[in-house]
Amino acid sequence: MTTNGDRPVAPRRMSFGVLVAPFHPVDENPTLALERDLELIEWLDRLGYDEAWAGEHHSGGWGTIASPELFVAAAAARTRHIRLGTGVVSLPYHHPLMVADRMVLLDHLTRGRVMFGVGAGVLPSDAHMIGVEPMRQRAMLEEALDAIVLLLTREEPISIDAGWFTLRDAALQLRPYTRPHMPLAVASSASPSGMRLAGKHGAMVLSLAAFAPGGLAKLRRQWEVAEEAAAEHGTSIDRQGWRIVLPVHLADTREEAMADVRAGGRRLLVDYFKNTLGRPLDVDPSGDGLDGVDAMIRSGQAIVGDPDDCYEAILRIQELCGGFGGLLTVALDWAPREKVLRSFELLARYVVPRLQGSLAGIERSQRWAAENRDAFFAQSATALGSAMAAPAAGAPRA
């Protein structure tokens, strides 16, 4: 994605995908919930979606994928085309050599379909259980990613003593399948650290800030931070690799879509974000007409409506941030299962082609045929009349 002054310019090909955090209520069968996550990615593969990313969580009950690498491996065996990413590996929880080795193995097993997303770790309860100090997590993320990039790009051994990890004459015995390595992505939320790290390494960005209150308004400045970091480190960063992460639910009408997600959305806000994570809500989840889902939609934290609503909302976000390369829909159990699958189908059928430009030739051809239909019909009628008047082949002459 590039820009022309302050006006966004359409991406070369806008990408669409899903972020499977996942978010599942704690009162249902967790094995079946994971199976539904895999079935969803299979469905998106058939619908032609570009990407699926899987998160890493170790506490809180709602997110049960402890190893995005294992989940990606399972999804890879059940899909053919969709690219699969770790969204994200929490690097402060792992030794960099082990992470690099696992990602290179996935790169080979998927024949280059894997993407490597990293973050500092989002849940304080995860960090608490393994003794990671929250104040150190962002610095640890940068130290680990710096080391992993060296491991992926250099064949000679490297040695690093970062205090919390050590590399001694370390080298990857299996080199990446994708050269120089699989795509890198850095998660970015409220702080500028993720954008700075993405700029430093010329990486993709997974912008989770859009999911937070007031996050959309900060996106333009956040991208500037990434560009400044790229200039400082002599790298380049491309808006084509910028992914905006948002909840999306579509139905045939706006009213139906809102009815689908109100109860489930309220439960997500209250039971998970407020009562489990302790995050204050700037919305009223009481259900009295100012409920949390309504407020999320008004503030741009979610897209809920019909396909036209979704198309217009994406254009507004493009304008607001100056242009981005892809939309990741957050997978949520906030509507009945069949409605969730239908939502992704509506997005693929009626929104994606308008934003990827795949309808232009079809629409142009239809307009051309319609504009010339009278002439074409007259020619066809003349040809048919001539054929009807001509003697049949092989018929005897009078």
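Would you say PHE165 is touching a Ser or Thr at 6+ places or on another chain (Cβ under 8 Å), within 26 Å of ARG196 (Cβ to Cβ) and either aromatic (Phe, Trp, Tyr) or crowded, with 17+ Cβ neighbours inside 10 Å (or both)? For PHE165, the condition - touching a Ser or Thr at 6+ places or on another chain (Cβ under 8 Å), within 26 Å of ARG196 (Cβ to Cβ) and either aromatic (Phe, Trp, Tyr) or crowded, with 17+ Cβ neighbours inside 10 Å (or both) - is not met. Would you please name the residue that is nearest to the chain's Cα centre (by Cα), looking only at residues in the range 172-231 that are modelled with pLDDT of 95 or more and among the aromatic types (Phe, Trp, Tyr)? Among those that are modelled with pLDDT of 95 or more and among the aromatic types (Phe, Trp, Tyr), it is TRP223. Among the residues of the range 248-258, is any more than 20 Å from the chain's Cα centre (by Cα), hydroxyl-bearing (Ser, Thr, Tyr) and over 24 Å from GLY121 (Cβ atoms)? Yes, there is a match, as at least one residue in the range 248-258 is more than 20 Å from the chain's Cα centre (by Cα), hydroxyl-bearing (Ser, Thr, Tyr) and over 24 Å from GLY121 (Cβ atoms).
Any residue at all in the range 346-353 that is farther than 21 Å from ILE82 by Cα, modelled with pLDDT of 95 or more and either surrounded by 13 or more Cβ atoms within 10 Å (Cβ to Cβ) or among the charged types (D, E, K, R) (or both)? There is no residue in the range 346-353 that is farther than 21 Å from ILE82 by Cα, modelled with pLDDT of 95 or more and either surrounded by 13 or more Cβ atoms within 10 Å (Cβ to Cβ) or among the charged types (D, E, K, R) (or both). In the range 207-237, the qualifying residues are those that are under 21 Å from PRO180 (Cβ atoms) and in contact with a strand residue (DSSP E or B) (Cβ under 9 Å, 6 or more places away or on another chain), and the one that is surrounded by the most Cβ atoms within 10 Å (Cβ to Cβ) is ALA226.
For the range 106-138, filtered to residues that are in contact (Cβ under 8 Å) with a residue 60 or more places away in the chain and of a type in the set (D, E, K, R), the residue that is nearest to SER189 (Cα to Cα) is ASP126.
Taking the stated definitions as given, is GLU312 among the acidic types (Asp, Glu), exposed (fewer than 11 other Cβ atoms within 10 Å of the Cβ) and without any contact (Cβ under 8 Å) to a residue 40 or more places away in the chain? Against the criterion (among the acidic types (Asp, Glu), exposed (fewer than 11 other Cβ atoms within 10 Å of the Cβ) and without any contact (Cβ under 8 Å) to a residue 40 or more places away in the chain), GLU312 does not qualify. Among the residues examined, ALA259 does not qualify as in a helix (DSSP H, G or I) and in contact with a strand residue (DSSP E or B) (Cβ under 9 Å, 6 or more places away or on another chain). Tell me yes or no: at least one residue of the range 143-156 is under 25 Å from HIS233 (Cβ atoms), basic (Lys, Arg) and within 26 Å of the chain's Cα centre (by Cα). So far as the range 143-156 goes, no, none of its residues is under 25 Å from HIS233 (Cβ atoms), basic (Lys, Arg) and within 26 Å of the chain's Cα centre (by Cα). One residue is enough: does the range 253-268 have a residue meeting the conditions within 19 Å of GLY322 (Cα to Cα) and not hydrophobic (A, V, I, L, M, F, W, C)? For the range 253-268, residues within 19 Å of GLY322 (Cα to Cα) and not hydrophobic (A, V, I, L, M, F, W, C): absent. Of the residues examined, VAL72 is one that is in contact with a strand residue (DSSP E or B) (Cβ under 9 Å, 6 or more places away or on another chain), within 17 Å of TYR177 (Cβ to Cβ) and touching a residue at least 24 places away in the same chain (Cβ under 8 Å). Among residues of the range 346-359 that are closer than 21 Å to GLN240 by Cα, those with a beta-carbon under 7 Å from a residue that is among the aliphatic types (A, V, I, L, M) at least six positions away or on a different chain give the pairs LEU347/VAL248; LEU347/LEU250; ALA348/LEU47; PRO353/LEU359; LEU355/MET14; LEU355/ILE314; GLN356/MET14. Do the conditions hold for GLY323, that is, is it at pLDDT 95 or above, crowded, with 18+ Cβ neighbours inside 10 Å and either touching a Leu at 6+ places or on another chain (Cβ under 8 Å) or not hydrophobic (A, V, I, L, M, F, W, C) (or both)? Yes.
The values are calculated or read from the model by the stated rules, or taken from the named source; none is laboratory data. Keep in mind it's a predicted model, so treat the numbers as computed, not measured. Cβ atoms come from the backbone with ideal geometry, glycine included; neighbour counts cover every protein chain shown.
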